[in-house]
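Note sheet for the following structure.
The values are calculated or read from the model by the stated rules, or taken from the named source; none is laboratory data. All values derive from a computational prediction rather than experimental measurement. All Cβ positions, glycine included, derive from the backbone under ideal geometry; neighbour counts span all protein chains shown.
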Amino acid sequence: MHLWKLLPLVALAAAACATTPRPMEAPEAAAASSEPVKPLVSRVAYSKDPYPSTYKPLPAEDVFIRNATVFDGLGGMIERGAVLIQGGKISAIGSEAAMTMPAGIKTIDAAGKWLTPGIVDIHSHLGAYPSPGIEAHQDGNEASGPVTAEVWVEHSIWPHDPGFTRAMAGGVTAMQILPGSANLFGGRGVIIKNVPGRTAQDMKFPGAPYTLKMACGENPKRVYGYGSGRFPGGAPFTRMGNVAGYRDAWQQATEYKRKWDKYDADFDAWEKKAKSPAPADGEKKEDPKDPPNAPDRNLELDTLMGVLDGEILVQQHCYRADEMAQIIDLSKEFGYKISAFHHGVEAYKIADMLGANGICGALWADWWGFKAEAYDGIRENIPLVHKAKNGCAIVHSDDAYGIQRLNQEAAKALADGNKAGLNISKAEAWTWLSRNPAKALGILDKTGTLEPGKNADVVIWSGDPFSSYTRADLVFVDGAVTWDRANVDSQPVVDFELGQPGEGDVK
Amino acid sequence: MIRKLLLAATLLACAPAALAQQVAITGGRIVTNTTQGVIENGTVVINNGRIVSVGTGAAPSGAMVVDAAGKWVTPGLFAAFSRVGLAEIPSEDPANDISAGASKFQAALHAADSFNPDDTAIDVSRIEGFTRAAIVGAPAGGLFGGYAAIVDFTGAFNSIDTREAFMLAELGEGGASTAGGSRAAAWHWLLTAIDDAKTYPRGFEDDGEGDILIRKEAVALKPVVEGRVPLMVEVHRATDILQLLTLRQREPRIKLIILGATEGWRVADQISAAKVPVIVNPLANLPDRFEILAATLENAGRLSAAGVTVAIADPGQASHNTRLIQQLAGNAVANGMPWEAAFKAITSVPASLYGRADLGVLRTGATADVVIWDGDPLELMSSPDAVYIDGVATPMESRQTKLRDRYMQVNEAKPQAYERQ
């Protein structure tokens, strides 16, 4: 932890303007103290949140939803369950018989319906690869070099992507938007709430950590080594080139972090000396000399240092089991944690290792075979990762269509797992859709399960959400209805769709 | 346990006796796709690759009885549009025979000549209930994608049923790009190609070329312009569909099928009046391209309600996930298509589009492609317990189930590679 993170935001904001160390004049108050001191200098530090969330919950009213079949997101099911939403938060959940309904509150009778936590998609490119998929909209891969940890995908997000509203109709309340997988280090991902906004900042999930997209295997070596001159070319050509590329970058990040740690320690010592009162015996105060110089800022290494500091969560695209094992060793070599492997078509081959290392598998139900590293895909991948000791399985989409039906993807995986004898309940399987992705994104304290105090991110389904015939009837984010299948006033139409054929139609 | 069941299924499929013996599937909920509708607690009798009877009678004496109580019994699923068997790994050129942009021939190419019955996607598709498919290449370097074949999913060397099921062509954005840059160019190309084929050999005497086609391409299109083989054209925008329908007047002999029709609901009455069937992807609901701005989840249901003959498939998931057609049909039902229509859209409708009235139905005399399901076949959590092709029970295993069985337990004493599946 760097001490400069603890500084008041005002100081951070002031210092954020400088890209090189710049001594600043001490404030008047300090200069006016009884003892003349050398002018104080501000520590060089940069804002961790220069593009802050401007999210505001939609207007919400308190509501008591009763008579539903509830999956609590923790693996439990409640028949004739009820959920009380107050002030945008879950305030109570349980069997209806055991709950007291506050007087005068709005009530929804969910007879015959299912109620679940909102779906969290850990892998989306909405906004960065929006519809229509024209050339002007290809904002997901900064393919200018194999290491582009300095780019932030939020700077690519087009909030008017119609895909956001389609995902809403599918019960998705939050998602991680990631850069593409062309690069070894693709850049920072961002976690958003699935609400309409004028800007990407309007959608940013308050308090969510940043993430870093990394990619294994075929994509980086194809794009760079075999880029046929379209991209800069050069390394990596091979999987060993991929690993050398990661190691080189992590080594630079290690040295960068060492410089900042030293600067912070030196500054602490200097500040201590500068602020210490003059000795009482009238001796002259020791001259604190000049403050230390801050290292030059490097935006790429800032992101990697954030990972080494444990603040930025690594989301690694990786298909093959043997490569995931290499990446686990890489993370140990440089001392960081992998949050989740994404795609992990062969995760079932090392489900035990993923569990032992506390790494989630963010997986498709049944995509396979479209490239060599996807050749060994099986339909029981998700349930096998789930069943491993300490297993953490996640259903992800990576697709503007798949994100609309993640519950259906879970259903297929569950059916195949159970047919193979794995014996998993539907309520347990719901953890793949909300709790586990929230955990791997560092937002489980805020969403992902129906527990008192959490954000009321909730979906009411027309029936069993593991059925083909079921649709999301009502979707709540922070207790506010973002989608209502029965009411066109609660079905957002994005700017792009206005004045076009099919505007406002069932989508 | 699983492995024992698999073994039993394999033995069943391999035993010569199974070929000759009469099989009676009893007690199931039979979806006939005929005027018999759905029969509860029914019996389907199979012999020599054909359906002998469908009804409520008892199993004939001497028949091998398969108890399907609590199960659904249906015709095998028929993929209206697939590329299974054409690309083991689509991203690797040597393992991909889907298109041939560098070839001087396009219309003359037959998917049957690329089809590999050992392709691992065949088993993967069959164990999800698919017994047959129309497989076809993709247009590249011209408007035509060549001839589709009908294949069965036994994986046998002789699994090609029909070499010329339909001819594929592409208009709209894709066709415009191929034809030189505009829709007008694509349309003119298509009409000129049709004229070349119609007039062939007249006009080819001097240099062996027509106005746009070389001689062999014109020969290849002859059966299409004479109405002996359907012409399937991919179009999506409402105006592109209307333009294609004008071909019905200009070329009344050509049998049209529309692939895509994502904005079809806007011109559903015209499509219905022209009696042109469509193959749609019911989940296309994003304005991915400017030609599908009016995409809606209700397209399949609205077309069906307008009286259009609707089959269901997704050309985007054709080589490895043809099996997802089942999910597409379930979602069509969720969005307004009647269950019966959606189920026919993945069985009897495609079969009849390609002249195979003996498939996709359970009736006396029909080809015995039969699937026994553990539940509603359009439900996500249902799957087949048994798949019969030409009356023979097929193995319920694939390369994927072998991988699964190998890794159900990890960290065993010896490496997995010593474990035979």
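Would a scan of region B:363-370 turn up a residue that is polar (S, T, N, Q), within 14 Å of chain A (Cβ to nearest Cβ) and either farther than 13 Å from B:Ile46 by Cα or touching a residue at least 40 places away in the same chain (Cβ under 8 Å) (or both)?
No, region B:363-370 contains no residue that is polar (S, T, N, Q), within 14 Å of chain A (Cβ to nearest Cβ) and either farther than 13 Å from B:Ile46 by Cα or touching a residue at least 40 places away in the same chain (Cβ under 8 Å) (or both).
Please work out which one of (1) within 21 Å of the chain's Cα centre (by Cα); (2) assigned to a helix (DSSP H, G or I); (3) surrounded by fewer than 21 Cβ atoms within 10 Å (Cβ to Cβ); (4) within 12 Å of chain A (Cβ to nearest Cβ) is the condition B:Asp376 fails and give its number.
So B:Asp376 meets the others, but not (2).
Return yes or no: is A:Ile424 within 16 Å of A:Asp72 (Cα to Cα) and modelled with pLDDT of 95 or more?
Taking the combined requirement at face value, the residue satisfies it.
Identify, by number, the condition in (1) within 21 Å of A:Thr449 (Cα to Cα); (2) outside the structural domain of A:Asp464 (by TED's automatic domain parsing) that A:Ile105 doesn't meet.
Of everything listed in (1) within 21 Å of A:Thr449 (Cα to Cα); (2) outside the structural domain of A:Asp464 (by TED's automatic domain parsing), A:Ile105 misses just condition (1).
Quickly run through region B:306-325 and pick out the residues that are more than 9 Å from chain A (Cβ to nearest Cβ) and either part of a loop (DSSP other than H, G, I, E, B) or in contact with a Pro (Cβ under 8 Å, 6 or more places away or on another chain) (or both).
Passing the criteria: B:Ala306, B:Gly307, B:Val308, B:Thr309, B:Val310, B:Ala311, B:Ile312, B:Ala313, B:Asp314, B:Ala318.
Conditions tested, residue by residue: (1) over 24 Å from the mean Cα position of the chain (by Cα); (2) more than 24 Å from B:Leu109 (Cα to Cα); (3) not assigned by TED's automatic domain parsing to the domain that holds B:Phe81.
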| position | (1), (2), (3) |
| --- | --- |
| B:Thr192 | yes, no, no |
| B:Thr199 | yes, no, no |
| B:Asp207 | yes, no, no |
| B:Gly210 | yes, no, no |
| B:Ile214 | yes, no, no |
| B:Ala218 | yes, no, no |
| B:Val229 | no, no, no |
| B:Ile258 | no, no, no |
| B:Ser272 | no, yes, no |
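Restricting the first residue to region A:411-422 and requiring it to be more than 7 Å from chain B (Cβ to nearest Cβ), which pairs with a second residue that is outside any loop (DSSP other than H, G, I, E, B) and surrounded by fewer than 24 Cβ atoms within 10 Å (Cβ to Cβ) meet a Cβ separation below 6 Å and a spacing of at least six or different chains?
Qualifying pairs under 6 Å: A:Leu422/A:Lys387.
Counting just the residues of region B:262-305 that are part of a loop (DSSP other than H, G, I, E, B) and more than 14 Å from chain A (Cβ to nearest Cβ), which one comes out nearest to A:Ala169 (Cα to Cα)?
Looking at residues that are part of a loop (DSSP other than H, G, I, E, B) and more than 14 Å from chain A (Cβ to nearest Cβ), I get B:Pro277.
B:Asn335 is checked against (1) away from chain A (no Cβ under 12 Å); (2) in contact with a Pro (Cβ under 7 Å, 6 or more places away or on another chain) and fails just one. What number does that condition carry?
It fails just one condition, (1).
Exactly one of these conditions fails for B:Asp358: (1) within 14 Å of chain A (Cβ to nearest Cβ); (2) of a type outside the set (Lys, Arg); (3) surrounded by fewer than 24 Cβ atoms within 10 Å (Cβ to Cβ); (4) not in a helix (DSSP H, G or I). Give me its number.
Only one criterion is unmet by B:Asp358, namely (1).
Please give the strands (runs of 3 or more DSSP E) falling wholly within region A:154-250 in which 2 or more residues are of a type in the set (Ser, Thr, Tyr), surrounded by fewer than 24 Cβ atoms within 10 Å (Cβ to Cβ) and in the same structural domain as A:Gln316 (by TED's automatic domain parsing).
none
Before we move on, is A:Asp376 part of a loop (DSSP other than H, G, I, E, B) and within 25 Å of A:Arg166 (Cβ to Cβ)?
Against the criterion (part of a loop (DSSP other than H, G, I, E, B) and within 25 Å of A:Arg166 (Cβ to Cβ)), A:Asp376 does not qualify.
Filter region A:391-410 down to residues that are crowded, with 24+ Cβ neighbours inside 10 Å, more than 8 Å from chain B (Cβ to nearest Cβ) and assigned to a helix (DSSP H, G or I), then give me how many there are.
So the answer is 5.
Can you give me the number of residues within region B:106-153 that are surrounded by fewer than 24 Cβ atoms within 10 Å (Cβ to Cβ) and part of a strand (DSSP E or B)?
Summing the residues that are surrounded by fewer than 24 Cβ atoms within 10 Å (Cβ to Cβ) and part of a strand (DSSP E or B) in region B:106-153 gives 1.
(1) within 30 Å of A:Gly133 (Cα to Cα); (2) surrounded by 19 or more Cβ atoms within 10 Å (Cβ to Cβ); (3) β-branched (Val, Ile, Thr): which one isn't true of B:Val225, the others all being true?
For B:Val225, the failing item is (1).
If a residue has to be surrounded by fewer than 23 Cβ atoms within 10 Å (Cβ to Cβ) and touching a helix residue (DSSP H, G or I) at 6+ places or on another chain (Cβ under 7 Å) to count, how many in region A:423-448 make the cut?
Residues flagged as surrounded by fewer than 23 Cβ atoms within 10 Å (Cβ to Cβ) and touching a helix residue (DSSP H, G or I) at 6+ places or on another chain (Cβ under 7 Å) within region A:423-448 amount to 3.
Restrict the check to region A:334-355 and report whether at least one residue is touching a strand residue (DSSP E or B) at 6+ places or on another chain (Cβ under 8 Å) and within 9 Å of chain B (Cβ to nearest Cβ).
Within region A:334-355, one or more residues are touching a strand residue (DSSP E or B) at 6+ places or on another chain (Cβ under 8 Å) and within 9 Å of chain B (Cβ to nearest Cβ).
Say we look at region A:356-371 and pick out the residues that are assigned to a loop (DSSP other than H, G, I, E, B), of a type outside the set (Phe, Trp, Tyr) and without any contact (Cβ under 8 Å) to a residue 60 or more places away in the chain; which of these is nearest to the other protein chains (Cβ to nearest Cβ)?
Out of the qualifying residues, it is A:Gly369.
Residues in region A:40-50: is at least one in contact with a strand residue (DSSP E or B) (Cβ under 9 Å, 6 or more places away or on another chain) and modelled with pLDDT of 95 or more?
no
Which residues, counting only those in region B:154-205, are under 29 Å from B:Leu77 (Cα atoms) and in a loop (DSSP other than H, G, I, E, B)?
B:Thr154, B:Gly155, B:Ala156, B:Phe157, B:Asn158, B:Ser159, B:Arg163, B:Glu164, B:Ala165, B:Phe166, B:Leu171
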